[in-house]
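The values are calculated or read from the model by the stated rules, or taken from the named source; none is laboratory data. Note that the structure is a prediction, hence the values are computed from the model and not measured. Glycine also receives a Cβ, built like all others from the backbone with ideal geometry; neighbour counts cover every protein chain displayed. All accessible areas refer to the heavy atoms of the entire protein, side chains included, with ligands and DNA or RNA removed. Shrake-Rupley method; radii C 1.70, N 1.55, O 1.52, S 1.80 Å.
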Amino acid sequence: MARLNALARRPPITTGATTLQVGDLIMDLVARTVRRAGQPISLQPREFKLLEVLMRNRGRLVTRTMLLERVWDFRFDPKTSIVETHVSRLRAKVDRPFEAPLIHTERGMGYILETPPDMGGVRRR
């Protein structure tokens, strides 16, 4: 009986969110789809993971080192432009076809994914 009472006191088990959203950009983590302004965006697996990391850190600076660790599982700097290349490809798909960019570069520091002020976001400076 004590065991049942202890289990009953535990908070309910909740599953994590299955979608992430920043402005009009929506990522479905289960279906592995991305849409912006209702339009589907086709991403390669690395691009999807890169965007997921940026979306999970919405409005916060994500450094190159953080991306290397979380997307490529590197624990060292390979001294290549792999991050910059993939961010450029991601921008071509997520930002360029649309009016307002969501991926912003903080020179020499990293990247921030956030909505522009006119879409309900606050741009840091």
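If you add up the charges near Arg3, with Lys and Arg at +1 and Asp and Glu at -1, over every other residue whose beta carbon is less than 15 angstrom from its beta carbon, what do you get?
Its environment carries a net charge of +2.
Can you give the local net charge around Asp77? Use residues other than it whose beta-carbon is closer than 12 angstrom to its beta-carbon, Lys and Arg +1, Asp and Glu -1.
+2
Taking the solvent-accessible surface of protein heavy atoms with a 1.4 Å probe, what is the per residue accessible area of the chain in Å²?
65 Å²
What number in nm² do you get for region 50-99 if you take the convex hull of its Cα atoms and divide its surface by four?
The orientation-averaged projected area of the Cα hull of region 50-99 comes to 3.7 nm².
Add +1 for every Lys or Arg and -1 for every Asp or Glu among the other residues with Cβ under 9 Å from the Cβ of Leu25, and state the total.
+1
Going toward the positive end of the dipole of region 1-96, with +1 on Lys and Arg Cβ and -1 on Asp and Glu Cβ, which of Val71, Leu43, Thr85 do you reach last?
Of Val71, Leu43, Thr85, it is Val71.
If you put +1 on each Lys and Arg Cβ and -1 on each Asp and Glu Cβ, how big is the dipole of region 2-96 around its Cα centre, in Debye rounded to 20?
Dipole size: approximately 240 debye.
Based on DSSP H assignment, which helices of the chain show an axial Cα extent of at least 27 Å together with a mean Kyte-Doolittle hydropathy greater than or equal to 0.0?
The qualifying helices: there are none.
Any chance you could list the semi-axes, whole Å, largest first, of the equivalent ellipsoid that the Cα gyration tensor gives for the chain, using √(5λ)?
In descending order the semi-axes read 31, 20, 15 Å.
Compute a Gaussian network model of the chain, connecting alpha carbons closer than 10 Å, and tell me which residue from Lys93, Lys79, Lys49 fluctuates the most.
Most flexible of the set in this elastic network: Lys79.
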